[in-house]
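Have a look at the structure below before the remarks.
Rule-based calculations on the coordinates, nothing more; no lab input. Owing to the predicted nature of the structure, the values given are computational and were not obtained by experimental measurement. A quick note on method: Cβ atoms are made from the backbone with ideal geometry, for glycine too, and the neighbour counts reach across all protein chains shown.
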Amino acid sequence: MTWKLDVTPDVCIGSGVCAALAPDRHRLDGVHARPVTRGVEPDEALLDAADTCPAMAITVSERRAVVGPRPWS
Ligand code: SF4
């Protein structure tokens, strides 16, 4: 199983939260973050980063289903 990691650059505000939570998966590139690679092994840290992104700029998906950010329960 592989997840796909996306960051919407025009939504990202460059907070750096994702790079702090998952530094091997997100990298700040100028004022925006970008995934290091789009295809990634499932990792809880990726969901944590998507959940805590202050701009909701991160999407984690498996095939066509969104797995992160997770809905509030
Ligand atoms: S946490 Fe969200 S807003 Fe902050 S750098 Fe990452 S993608 Fe951008």
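Here are some notes:
- Test result for Trp72, more than 11 Å from the ligand (Cβ to nearest atom), in contact (Cβ under 8 Å) with a residue 60 or more places away in the chain and among the aromatic types (Phe, Trp, Tyr): no
- Hits in region 1-56 (condition: assigned to a strand (DSSP E or B) and more than 17 Å from Arg70 (Cα to Cα)): His26, Arg27, Leu28, Asp29, His32, Ala33, Arg34, Pro35, Gly39, Val40
- Qualifying positions in region 5-20 - buried (at least 18 other Cβ atoms within 10 Å of the Cβ) and near the ligand (Cβ under 6 Å from one of its atoms): Val7, Cys12, Val17, Cys18
- Hits in region 8-35 - residues which are touching a His at 6+ places or on another chain (Cβ under 8 Å) and under 15 Å from Ala50 (Cβ atoms): Cys12, Cys18, Ala19, Ala33, Arg34, Pro35
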